[in-house]
Amino acid sequence: MRPFEYVSPTTEAEAVEALNGHDGQTMVLAGGTDLISLLQRDAVQTQRVVDIKKIDTLKSIEQVDDGVLIGATVTLDEALESPLLAGHDSIAQVIDGHRAIQIQSSGTLVGDLCQMPQCWYFRNGFGVLGRKDGESLAELGDNRYHAVFGNAGPAKFVCASRFAPSMVAWGAKVRVIGPTPEDEQFVPLEYFFVTPRLESQGVTVLKQGQLVTHIWLPTVADMKSGSYEVLESKGLDRPQAAASVCLQTEGDFVRDARIVMGHVAPTPWIAHEAARALVGQRLDEDMAGHIGDLAVSKATPLSMNEYKVAMARAAVKRSLLRAVGKLDAALV
Amino acid sequence: MAERTISWGPRASNKLIGSETTRIDGLDKASGFAKYTADMNQAGTLYARLLTCKHGHAKITRLNVDAAKKIAGVHTVYLFKNEGDECNWDGDIVAAVAAETADLAEDGVRAIEVSFEEQPHVVDEQDLEAARAAEATKEGIVDRTVGDPDKAIAEADVVHEGYYGIHTISHMCLEPHGAHCSWNDGDDGPKLIARHSTQAVSTTGKQFASKFGLDAADVRVVCNFIGGGFGSKFAADEWGWAAAQMSKDTGRPVRLMLDRATELKTPGTRPSGFANVTLAAKKDGTITAWKSHHWGTNGPQGGTIDGNQMPYVFEFENKKVEATGIKTNCGPNRAWRAPNHPQLCAITDTAMTDLAAKLKMDPVDLYKANLGQLDKVAKENGDLYRAQLDRASELMDWKKNFHAHGEGGTGAVKRGLGVALHRWGGQSVKCEAEVRLFEDGAAQVSIGSQDLGTGTRTVIAMVLAETCGLPLEKVTAKIGSSEYVYGNPSGGSITVGSVSGGTRRAALAAVWKLLDKVATKYDVDGSGLTVGDEAVWSGKKKVCSWKDACRLIGSVPITELGESPLDDGLTSKLVGGVQMADVSVDTDTGIVRINRMVAVQDCGLVINQMTAKSQVYGGLIMGIAYALSEERIMDNQTGRYINADMENYRLPRIGDIGELIVEMYQPDSEYNRGVVGLGEPPVISTGAAIANAVANATGVRVPVLPMTPKRVLDALKGGQA
């Protein structure tokens, strides 16, 4: 690992100031479950690591008028135990699906949203666009784990976040501060992720000197939610496709739906048409399969990843059934 | 023992041999007290880091280490390659830097000025036509015909043609390859001490010695514990020499362990094999012909799996076997647990199950119909398979649970069963054991052997304790250093036979000497004396305690050297083994889950039921890994080993293992043939059994291992049978 400077501010303002040092060649450390390995393999470089774990305002989950605020250092386990998140089944299911005490006890929800792609070209030093000598390695090379949606441009990686699908489905926002101490904005999570055309654009809207401090998650009465991640292993793993849904229902009928797929595109991928088609319909196994078909009907797989389309279809179908308690328990 | 013959005691008389005994070093290992090479931190130890090639194939056009050497704290740089040399795979080692800390060594590596000129690479080991177009093949490395296979195929009732394959995997030793080397300036003791992660304590010393112009006796190799070798840790290796050279240059101990990526890329892989197979049979299942052409790679050498043992376990009357090697810019191969056998099995036994499906036969019955056609080696071991197939079938409740090909259920998740079988040698080799009995009652055995994690240390102690009639905790087993008498390198499942034969022989000789002293002192007939329960007995009459007997030894201990192998019935060779798999296949996601595995395994006389079974558990787990998820992925674009990390090199987690049912096959006939090695066989047929279960569940053959969700979904989409 290359040497770097380590600072641990105790306030948000100090954190922003620290992030602005070294011309912004700085990185945020929360749980550290991914940053450390990225630094170890030299996939990213930084002059300064800003450890935000000592900032008191980032440590808790709090009730606000119309939802909850989750601080940037709240771990997966803390979120799972919080009564304030008891109604957000789809999020609890993803926490549970991590199946790794190490990640659950030190990884944070905000860190998950901000993590860099798992793309092996990125991790082997070819950047998030995975380019070498002007050619896209992911397009021509081994793209079995790459995007099947939103991949027409130079970015072929998939968004690594496991909580993005469920939180986008819930309509979450993230509170972003910086680059000046006064700057504060709430960005809808849907617009937080970026499909870069240039290496310098990054994978989120965050600019140098900015930091996500909180997730705002709406609380909606009677919302049914469900997530399904296609996980090859029953231990620590990352999904090869995932989906999360939020439904409002009347009896067996769907009044409103939001369907978001994960790990299929450089950003969380919202299945607008499929969600619209579900409205007014009775949600049973056949309908769930039909909606799954619709959700993936416009997929554009690369040379080696057509299989991911089938997985995404299954994820949509199963997340819908899970939301309404109709998923065979053996499939979870 | 009364007749004083070299033999094992009657089975019923054993106190320790044949028992379930926990490893004597288990607590040290589980609690972290056991020191591995990677744990060695002597005062003044320097740490080494490596510069490796990051291209599939490249020429080094510039290599200058001056800047690295100038970094404060960097002590020396060792060059594996020079300017102008070629690197032939991603991970080929260029240089090592030794420094006060690992971070400083990394700084040193980054300061090396190095430029590569990329050369064309070939890393696709599966696409034979592409390899031919790149002129990377070695054609006809096997081309062997027996009988008239074409005629037999033309005359057959049923002919099956299929494509099968199995990808390259790395050894993925948890403890990487490496050494901690120090030089000794004093007059006493060895000049070079290599604390080396090795499967060959007694034989790597000479490789260090010849490199540095020393006598073999001047080198001590020490390896008390090793975190996995699987066949890849027999040599001193250039990184071992580098550690020794850098230690010599600096006058400081140097520890050089490969980093994880290099560990996966460079110190060995298991070669791949892909095959087109044709099988012909009569209606009753008798196989009349085998034809196969297989190809694959073992790296730059251009070999593939051994065609001389194809088909596996069986020798059909008519056969034609061809093989083509592919020279690739992939890391080289080394022996991997049962070299060639898992791949041969994954090609042979899958084709046989598909033939059974075509015959509408239960594959267990197909095996039974062909037990008259075992190959020479399997035949020599007698007709074990029938009994083992029956026992495995009972444990799996095969007859009740087996269903016809593809009838695994109507839902998304299909369930199926598969079976495969294997064979292995396991004959003991030259090994010495030195047993010493002391006047204070201590009993000690020392061997320049090593415990790969298999329980060797425990087995040696059990044999000594049993032979001396002592409880296990009252004997000492010393291994892991070349200062002890010669122990064989541990490869080929030969160690348990070798060390237990030698230990038994030496211990018997030592005990007999002791009994002679007892006979004289107590004026009894020496030939009628036995030991047991910490005492010496004449029939049922206690003559004296073990302690009293040992007091007769005096100040010069009894020392006896025992050798293995001798044709004395203590050890034997050849094992069979049958495995069955019960899997569920999620046909929507392509995910395969293991419900249950059954393994029935013989290995002659079982010294320790627990460590023997744990070998089989380990074999099954490694088998599940290469069946479902584990593979080296080479990227055609960059020529790189693109998944050389613990995240993307996918190994199963505990939850992926399912229920493992292991039964040691050990009727008296097995006990009576003595000890046979067991390390390798249990990993051989696991992959084929699982592949066959997936085919049985879905009705579709997933032709290539590992059966990742991608391969399963691709196969289901193609629907090929």
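The values are calculated or read from the model by the stated rules, or taken from the named source; none is laboratory data. These numbers come from a predicted model, not from an experiment. Don't worry about glycine lacking a Cβ; one is built from the backbone with ideal geometry, like all the others, and counts go over all protein chains shown. Ligands, DNA and RNA are stripped out before the accessible areas are found, and what is left, the full protein with its side chains, is counted by its heavy atoms. Shrake-Rupley method; radii C 1.70, N 1.55, O 1.52, S 1.80 Å.
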Between A:VAL148, A:VAL220, A:VAL187, which is within 14 Å of another protein chain (Cβ to nearest Cβ) and either hydrophobic (A, V, I, L, M, F, W, C) or over 26 Å from A:ALA15 (Cα atoms) (or both)?
A:VAL148
Tell me, please, whether a residue that is in a loop (DSSP other than H, G, I, E, B), open to solvent by 80 Å² or more (accessible area, probe 1.4 Å) and aromatic (Phe, Trp, Tyr) can be found in region B:3-23.
no
Region B:37-55, subset touching a Ser or Thr at 6+ places or on another chain (Cβ under 7 Å) and either in a loop (DSSP other than H, G, I, E, B) or of a type in the set (Val, Ile, Thr) (or both), residue most open to solvent (accessible area, probe 1.4 Å):
B:GLN42
Is it true that some residue in region A:284-294 is more than 14 Å from chain B (Cβ to nearest Cβ), open to solvent by less than 10 Å² (accessible area, probe 1.4 Å) and closer than 23 Å to A:ALA221 by Cα?
no
Do we have any residue at all in region B:578-585 that's within 13 Å of chain A (Cβ to nearest Cβ), open to solvent by 10 Å² or more (accessible area, probe 1.4 Å), within 26 Å of A:MET311 (Cβ to Cβ) and in a strand (DSSP E or B)?
yes
Can you tell me how many residues in region A:248-276 are closer than 18 Å to A:GLU190 by Cβ and basic (Lys, Arg)?
2
Just a yes or no: is a residue in region B:244-254 surrounded by 22 or more Cβ atoms within 10 Å (Cβ to Cβ), touching a residue at least 24 places away in the same chain (Cβ under 8 Å) and part of a strand (DSSP E or B)?
yes
Residues satisfying the stated conditions in region B:625-646, i.e. closer than 17 Å to B:LYS710 by Cβ and facing chain A (nearest Cβ under 7 Å):
B:SER629, B:ILE633, B:ASP635, B:ASN636, B:ILE642, B:ASN643
Take residues that are within 17 Å of B:GLY331 (Cβ to Cβ) and open to solvent by less than 20 Å² (accessible area, probe 1.4 Å) and tell me which of the strands (runs of 3 or more DSSP E) falling wholly in region B:162-235 contain 1 or more.
B:178-183
Just checking, which of B:GLU139, B:GLU106, B:GLU125 is crowded, with 18+ Cβ neighbours inside 10 Å, in contact with a Gly (Cβ under 9 Å, 6 or more places away or on another chain) and at pLDDT 95 or above?
B:GLU125
Of the conditions (1) touching a helix residue (DSSP H, G or I) at 6+ places or on another chain (Cβ under 8 Å); (2) outside the structural domain of B:ALA243 (by TED's automatic domain parsing), the single one that B:PRO149 does not satisfy is (1)
Counted residues in region B:309-340 being open to solvent by 10 Å² or more (accessible area, probe 1.4 Å) and either aromatic (Phe, Trp, Tyr) or part of a helix (DSSP H, G or I) (or both) come to 1
Is it the case that some residue within region B:86-97 is surrounded by 23 or more Cβ atoms within 10 Å (Cβ to Cβ) and either outside the structural domain of B:THR204 (by TED's automatic domain parsing) or on the phi > 0 side of the Ramachandran plot (or both)?
yes
Tell me which strands (runs of 3 or more DSSP E) are completely within region B:384-500 and hold 2 or more residues being of a type in the set (Asp, Glu), more than 28 Å from B:GLY205 (Cβ to Cβ) and over 26 Å from the mean Cα position of the chain (by Cα), or say none if there are none.
none
Residues (buried (at least 16 other Cβ atoms within 10 Å of the Cβ), modelled with pLDDT of 95 or more, assigned to a loop (DSSP other than H, G, I, E, B) and not hydrophobic (A, V, I, L, M, F, W, C)) located in region B:522-571
B:PRO557
Specify the residue that is most open to solvent (accessible area, probe 1.4 Å); the eligible residues are those in region B:664-716 that are farther than 24 Å from B:ARG632 by Cα and charged (D, E, K, R).
B:ASP668
